[in-house]
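Notes for the one structure printed next.
Readers should treat all values here as calculations from the given coordinates under stated rules, not as data from a laboratory. Model, not experiment: these values are computed from the prediction. Glycine also receives a Cβ, built like all others from the backbone with ideal geometry; neighbour counts cover every protein chain displayed.
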Amino acid sequence: MRSLIIAVVQFEPRLGQKQSNLKKIQELTRQLKADIIVLPELCTSGYFFTSRSEVEEIAEPANTGPSADFFRELARRCNAVVIAGFAEKDHDRLFNSCLIQVPEEPLAKIYRKTHLFYKERFCFDRGDTGFFVIHDKPRDVRIGPMICYDWRFPEAARVLTLLGADIIVCPSNLVTDAWGIVMPARAIENKVYVAVANRVGKEKRDTEELLFKGNSAVYSYNGSRLAKAGPHKEEIVSAEVYPSRTRDKSFNPLNDILTDREPVHYQRLAER
Ligand code: ACM
């Protein structure tokens, strides 16, 4: 059974300093050996924007900007699938997006964050891609992206599971601790791996400061933690995963978490 190494890169992006953020990622990943590399949300730009005009200045079109070139090169150099958050500009629309760059592919797929957190609503449009899963045939892995605050909506992880994800990847800029309880639950209830790449550091705007809580982690499909970074340091942590083990959703001879579902009893309320 094939195993893969998944690495989560935890670091401190600097607000508005794309060049130095890309340089930092370059340095951190120089020796990295992994099959899948997950970086934080908005890792090229920093996070705490307060207006659309600020995001406009740093946002890039999907697949044609310098960040897209950089991550394509990173994917090829490491021969790894790269997942990285960036501010995306599509004509007059702005998205909190992540790219999923498979090294063999000329273009990355783009996921646009569905659930906007806090002041993101003043800076970004709500994502319109919906949830999807990338089937990477060379590595035989199905990767489902969501971004940070999407974690608070169990529907996100469930939809990715129904679409066939083996691994949910979650570029993040987390400022609370609650996710540390919830992510392993998402892993168990969906029988999927979950990889959270969080950032560290603080960003201050006027009188308000956000503290990003690190603790990036990889969870197995049984909820156990396979790898964990610390709360403050820039570091990369890795885990060995077996994607095909997530595909049989039974957990005893008579129960299976997908076929035991009773969607008729969820439907009416879930659509409200
Ligand atoms: C978040 O969605 N950045 C908390």
Total charge of the residues flanking LYS18 in space, meaning their Cβ is under 11 Å from its Cβ, with Lys and Arg +1 and Asp and Glu -1, is +1
Longest principal axis of the chain (C-alpha) makes with the long axis of helix 179-190 (C-alpha) an angle, in degrees to the nearest 10, of 40 degrees
Least to most buried among ASP140, ASP125, by other C-beta atoms within 10 Å and fewest first, runs ASP140, ASP125
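Gain in length, ILE257 to ARG52, computed as 0.36 nm per residue apart minus the alpha-carbon separation, to one decimal in nm? Numbers along the way, then the final one.
Details: separation 205, 0.36 × 205 = 73.80 nm, distance 4.20 nm.
Between ILE257 and ARG52, full extension yields 69.6 nm more.
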Along segment 35-45, Karplus-curve 3J(HN,Hα) (6.51, -1.76, 1.60; θ = phi - 60°) to the nearest Hz, with x for Gly and Pro, reads 9, 9, 10, 10, 10, x, 4, 6, 6, 8, 10
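For segment 173-272, run through the GluC sites (Glu not before Pro) and keep only the ones in DSSP coil with at most 15 other Cβ atoms within 10 Å of their Cβ.
Passing both the DSSP loop test and the Cβ count: GLU271.
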Computed about the Cα centre, the charge dipole of the chain from +1 Lys/Arg and -1 Asp/Glu charges at the Cβ has a magnitude in debye, to the nearest 20, of 420 debye
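Do the sum for the chain: with -39,500 (n - 2.57) for every DSSP H run of n ≥ 4, divided by all residues, what is the mean residue ellipticity at 222 nm, to the nearest 500 deg cm²/dmol? Before the final figure, lay out each step's value.
Working: 6 runs with 56 residues, N = 272.
Dividing the helical sum by the residues of the chain leaves -6000 deg cm²/dmol.
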Using alpha carbon centers only, segment 162-217 is separated from segment 68-89 by a whole-angstrom value of 20 Å
